[in-house]
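Chemist: I'd like to ask some things about the structure below.
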Amino acid sequence: MNLASSRREAVGRSVIVAVIVIILILAVAAGIYYTTTVKSSTTSTSTTSSSSVSTSASGIPTTLSIDDAYWPSNDLNMLYWTNYPNWLEYTVYQPLVTVNETMEYTNGTIQYLPGLAESWNVSSSGSTYTFNLRQGVTFSNGDPFNAYQVWAEMYGYYYLSANSSSWFANYDLFNMTGVNFGPSTLAFMNSTDDQITSPSAQMLAIMENKSWPIYVDSEYQITFQLQAPFVYFPGTLTSLTGLMWDAQYALDNGGLGTPAAINSNFNLTPIPGTGPYVVTGITSQVDVEFAQNPSYWGDSLTTQQISANPVLSPGQAKDVVVYYVDSDLTRYTNLATGAVQIAAIEAQDWSSITSNPQQYSYFTMPPSGGLLTAIAFNTQVYPTNITDFRLAVSYAINYTDIIDTALLGQGTPFMGPEYPAWSQYYDIGSFKPYSYNLALAEQYLKESGVTTPQTLTFTIVSGCTLCANLAQVVASDLSQIGITVSIQDQLASTYDQPYGSYTTNVQDASQIGQLSILGGATLWAPDALTPADNWISFVSNSSLWGNWAAYSNPTVQACVNAFTTSSNTSQIASLCAAAQQVIYNQAPYAWVAVNGLWLGDGSIVYNNKVVSGFLVDPLWSGDSTLPLFNTVTFK
């Protein structure tokens, strides 16, 4: 994901997928990227609370207030599964599968845990997953959560993707050729006698049809039949398409819409979820108000159960308000005066945070994290279509300067495309990250055969401070080996227009320029918590979004394909070892860093006299920029 400095990040922020066509919003994003969240031109309303924080008898603020730098791209409408940042992730909409975030953010170990799915079974072939759902769970409006709801949501997403083969978080996992799901089925689902929460025999026959890849076994059991083994399938259900919303409510209130015109009624009237909070008020482009869900199923969880899986916590704050404030100075002022307790703070005011550790603490990523910065070489145009020239540029870049200048000194060099948390597949062969070596750069430049002076176009997203700082370092570095860099600022919509799938990027290569930042605006975080994500996004000929280098290689593709066709992890690792060697030698990307700060040039900052800590998006900011506010603890 990726949130763009405008996918978050992507990401991270990723990080928000900027696409023009609604169908593409559902089908193309292989990672959440930061392009569409670049500073808004709209004037944001700042908070006006007093500096004193009203608290309950236990010392918990009566209302937890948070300032974010980004407004969700499609407001609060869950029919857009790529909506970024998703302010309702886990707090309103809970996933089928959760993650042990303590392990994830401490040492990079990924452990899937039960969410709304209490357990799951995998067939011996590794291609059939049966999920046993929690019983007695209801959505906040009282509708039951069950397998029928999950079934309806999954096929609803498939329909809204215009029946894309990669409708499921951009993974081509299901054989959908025999599926006939469309307007007539949706109409039937919402007829008087066929409410999906308690389907008639005729509706149930459709839901139990085992010739379709997703089918209901019973009221609280649902099966996903993959077209090939995928060991990490539960990781696709930790967020995005795995977040559960009340499909019955959606059908009762105008339906899903169509692929070309998704029902926008839910933008500011969100569909109910099962989570610990409910939305109580929305002012578009200003704020969203939340209150604890009085019927939250997790209220009955024991202290021990919540400790083992804290993302299920009912939350300590009775009310929460999240404000959209696009001015970093205003966000800092609100935090400093006590108007908010948590805020996104970026480079402009970062020194004010780091110089006052007695009052402020901030969230940092581990070196094993999945929030990445990389420079993409356009492998389809001269001279970056020459391998030795790409290597020359890779060794001419001072990565330490980029980390210090653009990433505020917090980043760890890495060798992509994998991120370090997936240690079994990360940098197999232990190649050293490209380093600043002018002698080696000049040697590769000579071997490339590019002898005449060159001017490379480096396209960046306007308004992205991080992007500008990074590009300026690169321009200065390359001038030392006789290469001129022309930095071109583009609006996010213009920047994104030529990008899309691998095929699109090859076709539009002449419009892209020779250099760009992976994802558009500095940061990239995954769409799903699996080791396949970056391989599919960055270096696959089946990539729907993220292959900024327009790069493909048969040896690399064998690794990409193995993830979703084999359950033999040793075989996958062997194929990916060969792929890693090719990627290292061919340098389609100059891998910069695993980012240490949540926003790249800043992070989530909190008043440490009030707040003790919190958990964050398990997708390394690929789905949301906010803390999971049901996990916020107080002094």
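Read-outs throughout are calculated quantities, based only on the coordinates presented, and are distinct from any laboratory measurement. Every value quoted in this text rests on a predicted model; they were computed, and no experiment measured them. Counting neighbours? That spans all protein chains shown, and the Cβs are built from the backbone with ideal geometry, glycine included.
Chemist: Treat each spin label as a single point 7 Å out from the Cα along the C-beta direction, and report the A261 to S574 distance in nm.
Modeler: The modelled label-to-label distance comes out at 5.5 nm.
Chemist: What share of all Cα pairs of segment 372-595, in percent, falls into each consecutive 5 Å distance bin?
Modeler: 1, 7, 15, 20, 21, 17, 11, 4, 1, 0
Chemist: Taking the Cβ-Cβ separation of N585 and L491 as r and a Förster radius of 45 Å, what is the calculated FRET efficiency to the nearest 0.05?
Modeler: Once rounded, the FRET efficiency stands at 0.80.
Chemist: From the C-alpha gyration tensor of the chain, pull out the three semi-axes of the equivalent ellipsoid (sqrt of 5λ each), sorted largest to smallest, in whole Å.
Modeler: 38, 30, 21
Chemist: Calculate the FRET efficiency for N107 and Q304 from the Cβ-Cβ distance with a Förster distance of 30 Å, rounded to the nearest 0.05.
Modeler: The value I calculate is 0.85.
Chemist: Could I have the simple spin-label model distance between E118 and S430, label points 7 Å from Cα toward Cβ, reported in nm to one decimal?
Modeler: 4.7 nm
Chemist: Taking 35 Å as R0, compute the FRET efficiency from the Cβ-Cβ separation of N356 and T484 and round it to 0.05.
Modeler: 0.25
Chemist: Which of the aspartates and glutamates could a cross-linker span from K318 if the Cα-Cα distance has to be under 16 Å and same-chain partners fewer than 8 positions apart are dropped?
Modeler: E289, D299
Chemist: Just need the relative contact order of segment 372-595 here, percent rounded to a whole number, with Cα pairs under 8 Å and 6+ apart.
Modeler: After rounding, I find 34 percent.
Chemist: Give, as a single signed number, the net charge of other residues whose beta carbon lies under 14 Å from the beta carbon of N309, with Lys and Arg counted +1 and Asp and Glu -1.
Modeler: Net of charged neighbours comes to -2.
Chemist: Which value in deg cm²/dmol, rounded to the nearest 500, describes the helix-derived mean residue ellipticity at 222 nm for the chain, given -39,500 (n - 2.57) per DSSP H run of n ≥ 4 and division by the residue count?
Modeler: Estimated from H runs of four or more residues: -7000 deg cm²/dmol.
Chemist: Please compute the length gained on full extension between N175 and Q507, using 0.36 nm multiplied by the number of residues separating them and subtracting their Cα-Cα distance.
Modeler: So the chain would gain 116.7 nm between N175 and Q507.
Chemist: Further question: Give me the net charge for the shell around N141: Cβ to Cβ below 11 angstrom, other residues only, Lys and Arg +1, Asp and Glu -1.
Modeler: Summing Lys/Arg as +1 and Asp/Glu as -1 gives -3.
Chemist: Could you pull the Cα extents of segment 81-153 along its three principal axes, largest to smallest, in whole Å?
Modeler: So the extents along the principal axes, rounded to whole Å, are 39, 36, 24.
Chemist: Further question: Once the other residues with Cβ under 14 Å from the Cβ of W167 are scored (Lys, Arg +1; Asp, Glu -1), what is the net sum?
Modeler: Neighbourhood net charge equals -3.
Chemist: What aspartates and glutamates sit close enough to K446 to cross-link, taking a C-alpha to C-alpha distance under 15 Å and skipping anything fewer than 8 places away on the same chain?
Modeler: D388
Chemist: Can I ask one more? Using packing as a proxy for protection, rank 414-422, 598-606 so that the peptide with the highest average count of other Cβ atoms within 10 Å comes first.
Modeler: Packing order, densest peptide first, comes out as 598-606, 414-422.
Chemist: Roughly speaking, what is the stretch gain from L204 to T555, that is 0.36 nm per residue apart minus the C-alpha to C-alpha distance, in nm to one decimal?
Modeler: 121.9 nm
Chemist: Cβ neighbours within 10 Å, averaged per peptide: list 375-382, 615-622 in order, most packed at the top.
Modeler: Answer by packing, highest mean first, reads 615-622, 375-382.
Chemist: For segment 244-287, just say rounded, prolate or oblate: build the C-alpha gyration tensor, square-root its eigenvalues into a ≥ b ≥ c, call rounded for a/c under 1.5, and beyond that prolate if a/b exceeds b/c, oblate if not.
Modeler: oblate
Chemist: So, one more: I'd like to compare 173-184, 148-159: which one has the highest average count of other Cβ atoms within 10 Å, and what's the full order after that?
Modeler: 148-159, 173-184
Chemist: Moving on. Less than 18 Å apart at the alpha-carbon level, and either on another chain or at least 8 residues along: which lysines does that give for K609?
Modeler: K635
Chemist: Could you check the simple spin-label distance between T337 and E447, using points 7 Å along Cα→Cβ, in nm with one decimal?
Modeler: Going by the 7 Å Cα→Cβ label model, 6.0 nm.
Chemist: Could you give the size of the charge dipole of the chain about its Cα centre, using +1 on the Cβ of each K and R and -1 on the Cβ of each D and E, expressed in debye and rounded to the nearest 20?
Modeler: 620 debye
Chemist: What shape does segment 579-626 take by its C-alpha gyration tensor, where a ≥ b ≥ c are the square roots of the eigenvalues and a/c under 1.5 counts as rounded, a/b above b/c as prolate, and the rest as oblate?
Modeler: Prolate, because a/c is 1.5 or more and a/b exceeds b/c.
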